[in-house]
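Colleague: Below is the structure I would like to discuss, written out as structure tokens.
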Amino acid sequence: MRVYLSEDYKSMSRRAANIISAQVITKPDCVLGLATGGTPVGTYQQLVEWYKKGDLSFAETKSVNLDEYLGLSPRHEQSYRYFMQSNLFDHIDIKPENTHVLNGLAKSPVAECAAYNQLIRDLGGIDLQLLGMGHNGHIAFNEPGDNFGLETHVVNLTESTIEANKRFFERREDVPRQALSMGIKNIMNARRILIVVSGEEKADIVYRAFRGPVTPDVPASVLQLHPDVTLVGDRAALSKLVEAGEPVCG
Ligand code: F6R
């Protein structure tokens, strides 16, 4: 694993965007695995800025997103499809038909998950998977205790995830209780993984994920077994790793 420490959120976002743009420049028709949540917003802003300057094109790039709330329409402002359109897709030249987000309104969620696994295979797998990490160590919506062998599946969200995500909704009761999510197996099959973390409230879980034992209790800990992981974080999120002597690049 390579660890890049940035002083603050802005430089962390720039570093993460650098890694994604290098992927897109060296393989324009690559498959990007994308994430939502608060952490990658700055990364997407940076990519949009470079696209607008003419430094980057996504014309041949394909994307698959990690997850989507079950029961939310793509037009719902808190759906992950809406997030991706407003934070990235609407501002760059990626072709709409090349962007893939699970359908939260699928009549058969199980069939939707199976079709998504097939789609990822048909695309030839994911070249670079961008991840954030939840406070309980979840990656995508793979919650503590979930089986590492799962592909895309229907997930019951934990109370801690509902609590963390209620900030995006008017009321806590509005947060969906279920989601569709890529499984750990899909993520581990990605050729490269880029994980972004920010803020001191992530410091403990980052330490447990990368210095603790590999265990389904901390889903992100499975990344220790992946051969090509880059962790990009700000000083606050990486503080415990650094204290423990983890070698970092500046
Ligand atoms: C989002 C996702 C989630 C988030 C995680 C961290 O697609 O899969 O696992 O990455 O909840 O969210 P933030 O970045 O808001 O702390």
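The values are calculated or read from the model by the stated rules, or taken from the named source; none is laboratory data. Everything numeric in this text was worked out from a predicted model, so none of it was measured. Here the Cβ is made from the backbone with ideal geometry for all residues, glycine too, and neighbour counts use every protein chain on show. In case anyone asks, the SASA skips ligands and DNA or RNA and just uses the protein heavy atoms, side chains included. Shrake-Rupley method; radii C 1.70, N 1.55, O 1.52, S 1.80 Å.
Colleague: Inspect segment 125-140 for any residue being over 29 Å from V197 (Cβ atoms), more than 14 Å from the ligand (Cβ to nearest atom) and surrounded by fewer than 21 Cβ atoms within 10 Å (Cβ to Cβ) and give the result as yes or no.
Modeller: If we filter segment 125-140 for residues that are over 29 Å from V197 (Cβ atoms), which is where we start, we get none.
Scanning segment 125-140, I find no residue that is over 29 Å from V197 (Cβ atoms), more than 14 Å from the ligand (Cβ to nearest atom) and surrounded by fewer than 21 Cβ atoms within 10 Å (Cβ to Cβ), so the answer is no.
Colleague: Still on this structure, please answer the following. Condition check: open to solvent by less than 60 Å² (accessible area, probe 1.4 Å) and without any contact (Cβ under 8 Å) to a residue 60 or more places away in the chain. Does N156 satisfy that? Walk me through it before giving the result.
Modeller: Details: open to solvent by less than 60 Å² (accessible area, probe 1.4 Å): no; without any contact (Cβ under 8 Å) to a residue 60 or more places away in the chain: yes.
Criteria not met by N156.
Colleague: Let me ask something else. From the residues in segment 121-149 that are of a type in the set (A, V, I, L, M) and touching a helix residue (DSSP H, G or I) at 6+ places or on another chain (Cβ under 6 Å), which one is farthest from A237 (Cα to Cα)? Don't jump to the end; show me each part of the working.
Modeller: Of all residues in segment 121-149, those of a type in the set (A, V, I, L, M) come to 123, 126, 128, 130-131, 133, 139-140.
If we keep only those that are touching a helix residue (DSSP H, G or I) at 6+ places or on another chain (Cβ under 6 Å) too, we end up with 128, 133, 139.
On the way: L128: 22, M133: 11, I139: 16 Å.
Ranking the candidates gives L128 first.
Colleague: Return the total of residues in segment 16-46 being in a helix (DSSP H, G or I) and more than 16 Å from the ligand (Cβ to nearest atom). Before you say what the answer is, go through the steps one by one.
Modeller: In the first step, residues of segment 16-46 are kept if they are in a helix (DSSP H, G or I); the result is 16-26, 41-46.
Then keep just the ones that are more than 16 Å from the ligand (Cβ to nearest atom); that gives 18-19, 21-26.
Here the count works out to 8.
Colleague: Here's another thing I want to ask about it. Run Q178 past the list (1) polar (S, T, N, Q); (2) surrounded by fewer than 22 Cβ atoms within 10 Å (Cβ to Cβ); (3) over 18 Å from G104 (Cβ atoms); (4) at pLDDT 95 or above and report the number of the one that doesn't hold.
Modeller: Failing condition for Q178: (3).
Colleague: Could you please tell me which pairs satisfy a Cβ distance under 7 Å, a separation of 6+ or placement on different chains, a first residue in segment 31-59 that is farther than 12 Å from A17 by Cβ, and a second residue that is within 16 Å of the ligand (Cβ to nearest atom) and open to solvent by 10 Å² or more (accessible area, probe 1.4 Å)?
Modeller: Taking only residues 6 or more apart or on different chains, the pairs are A35/G132; T36/Y80; T36/F83; G37/G132; T39/G132; T39/S198.
Colleague: Among the residues of segment 11-39, count how many are within 26 Å of K166 (Cβ to Cβ) and surrounded by fewer than 23 Cβ atoms within 10 Å (Cβ to Cβ).
Modeller: 2
Colleague: Restricting attention to segment 85-120, which residues are of a type in the set (A, V, I, L, M), within 14 Å of the ligand (Cβ to nearest atom) and either at pLDDT below 95 or out of contact with any strand residue (DSSP E or B) (no Cβ under 6 Å at 6 or more places or on another chain) (or both)? Full working, then the answer.
Modeller: Applying the first criterion (of a type in the set (A, V, I, L, M)) to segment 85-120 yields 88, 92, 94, 101-102, 105-106, 110-111, 114-115, 119-120.
If we keep only those that are within 14 Å of the ligand (Cβ to nearest atom) too, we end up with 88, 101-102.
L88 - this is the single residue of segment 85-120 that is of a type in the set (A, V, I, L, M), within 14 Å of the ligand (Cβ to nearest atom) and either at pLDDT below 95 or out of contact with any strand residue (DSSP E or B) (no Cβ under 6 Å at 6 or more places or on another chain) (or both).
Colleague: Given the structure, is E173 in a helix (DSSP H, G or I), within 14 Å of the ligand (Cβ to nearest atom) and open to solvent by 40 Å² or more (accessible area, probe 1.4 Å)? Break it down into steps so the answer makes sense when it comes.
Modeller: Values: in a helix (DSSP H, G or I): yes; within 14 Å of the ligand (Cβ to nearest atom): no; open to solvent by 40 Å² or more (accessible area, probe 1.4 Å): yes.
Answer is no for this residue.
Colleague: Could you say which residue among A190, A220 is touching a helix residue (DSSP H, G or I) at 6+ places or on another chain (Cβ under 7 Å), within 24 Å of R15 (Cβ to Cβ) and of a type in the set (G, A, S)? First the steps, then the outcome.
Modeller: Values: A190 fails: touching a helix residue (DSSP H, G or I) at 6+ places or on another chain (Cβ under 7 Å).
Matching residue, one of A190, A220: A220.
Colleague: Given the condition buried (at least 19 other Cβ atoms within 10 Å of the Cβ) and of a type in the set (V, I, T), answer yes or no: does some residue in segment 212-222 qualify?
Modeller: Narrowing segment 212-222 to residues buried (at least 19 other Cβ atoms within 10 Å of the Cβ): 218-222.
Pick out the ones that are also of a type in the set (V, I, T) and you get 218, 222.
Yes - at least one qualifying residue is present in segment 212-222.
Colleague: Something else about it: It is to be established whether one or more residues within segment 60-81 are buried (at least 20 other Cβ atoms within 10 Å of the Cβ), among the small types (G, A, S) and modelled with pLDDT of 95 or more.
Modeller: Yes, that holds for at least one residue.
Colleague: Same structure, new question: Which residues, counting only those in segment 82-119, are farther than 16 Å from K62 by Cβ, among the aromatic types (F, W, Y) and open to solvent by less than 50 Å² (accessible area, probe 1.4 Å)?
Modeller: Within segment 82-119, F83 is the sole residue that qualifies.
Colleague: Just one of the numbered conditions (1) open to solvent by 70 Å² or more (accessible area, probe 1.4 Å); (2) in a loop (DSSP other than H, G, I, E, B); (3) in contact (Cβ under 8 Å) with a residue 40 or more places away in the chain; (4) under 30 Å from E77 (Cα atoms) is not true of E201; which one?
Modeller: All conditions are met except number (2).
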